[in-house]
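Have a look at the structure below, then the notes.
Each reported figure results from applying straightforward, stated rules to the coordinates on display, with no laboratory input. If you're wondering where the values come from, they're calculated on a predicted model, not measured in any experiment. Cβ placement follows ideal geometry from the backbone for every residue including glycine, while neighbour counts extend to all protein chains displayed.
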Amino acid sequence: GKAGNKIVIEEFLEGEEVSFTVLTDGKTILPLASSQDHKTRDNEDKGPNTGGMGAYSPAPIVSKETHQKIMEKVINPTMEGLLKEGMIYRGFLYAGLIIDEKNNIKVLEFNCRFGDPETQPILMRLESDLIDLCYQASKGELEEVKLKWNPEVALGVVMAAGGYPGPYKKGHSIKGIPSESETLKVFHAGTKAKNNLITTNGGRVLCVTALGKNTADAQIKAYNCVNKIDWQDCFFRTDIGYRAIERES
Ligand code: GLY
């Protein structure tokens with residue numbers, strides 16, 4: 001019928017997806033550390049799309065030149081456009097980008113929030129106080145602020161319920177969650193606490209995030225912890241960070 005009267009031609013985007021988040025008070029723009037997540041469920045970036053199965057920061061694909069290009073071509077024009085339209089945007093702006101082999105940058109999406117699970121490795125590296133930053137952004141006082149970062153790499157592995165992103169069961173009791181430290185944190189997403197028992201209560205259940213001297217080191221530390229945590233039908237990828245490790249080596 002008429003369904004064929006209109007044809008939509010879309011550009012096929014090749015490259016790697018990168019998350020680039022800035023904090024702004026509407027005038028000053030503070031880029032956060034770069035990060036990259038693995039969107040698909042299975043190893044080698046295969047299988048169905050999810051909200052993210054793991055992430056790391058920094059993303060080696062975002063070189064100094066690429067960082068500058070993202071600011072010039074994407075972030076600054078966006079902020080100028082918002083101002084021109086009379087909007088004083090205060091908060092986090094997260095651009096989902098595709099960067100190809102020739103360093104061409106395409107915008108996939110903008111979000112008015114942090115990314116999940118990119119935030120977990122970013123916050124492991126952030127040494128400035130997040131609450132102060134939010135407050136200063138809300139008051140238009142970011143001009144004097146300098147963000148402080150831990151130079152190490154942080155890597156987070158999402159532990160999910162078997163079946164996710166399709167149907168999955170809830171209510172399995174989780175064993176082996178270690179106590180947290182400055183270099184290892186287990187972020188809870190889909191969990192529930194009852195009578196001193198932590199049970200699964202969502203698709204993406206935990207994000208085990210570790211700091212290391214490089215991506216390979218952070219990966220080993222994160223998986224050492226992941227391998228000690230368990231529940232019935234627990235699922236996780238075993239290759240989070242592989243692109244960054246290839247780049248580093
Ligand atoms: N990790 C993708 C997102 O937060 O949208």
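Brief remarks follow.
- Prolate/oblate/rounded call for the range 1-116, Cα gyration tensor, a/c under 1.5 rounded: oblate
- Mean Cβ count within 10 Å, highest first, over the residues of peptides 55-62, 197-204, 168-175: 55-62, 197-204, 168-175
- Mean Cα-pair separation over length for the range 74-127, i.e. relative contact order, pairs under 8 Å, 6 or more apart, %: 27 percent
- Residues whose placed amide H lies under 5 Å from that of residue 32, excluding near-sequence neighbours: 21, 22, 23
- Amide H to amide H, with H built 1.01 Å from N, residue 159 comes under 5 Å of 205, 206, 207, 208, counting only residues 5 or more places away or on other chains.
- Of all aspartates and glutamates in the structure, the ones whose alpha carbon falls short of 18 Å from that of residue 175, not counting any fewer than 8 places away in one chain, are 230, 233.
- Among residues other than residue 200 with Cβ under 13 Å from its Cβ, the summed charge is +4 (Lys and Arg +1, Asp and Glu -1).
- The base-10 log of I(q)/I(0) for the range 67-213, evaluated at q = 0.13, 0.19, 0.20 Å⁻¹, reads -0.82, -1.27, -1.30 [Debye formula, identical scatterers on Cα atoms, solvent excluded].
- Separation of the alpha carbons by more than 22 angstrom is noted, of 84/139; 46/69; 46/185; 69/106; 146/185; 39/106, for 46/69; 46/185; 146/185.
- Relative to the Cα centre, the charge distribution of the range 1-155, modelled as +1 at Lys and Arg Cβ and -1 at Asp and Glu Cβ, gives a dipole magnitude of about 400 debye.
- Taking the convex hull of the alpha carbon positions in the chain and averaging its projected area over all directions gives 17.0 nm².
- Candidates 54, 96, 115: whichever shows maximal mean-square fluctuation once the chain is modelled as a Gaussian network with Cα springs under 10 Å: 96
- Build a GNM of the chain with springs between Cα atoms under 10 Å apart, and of 83, 23, 133 the one that fluctuates most is 83.
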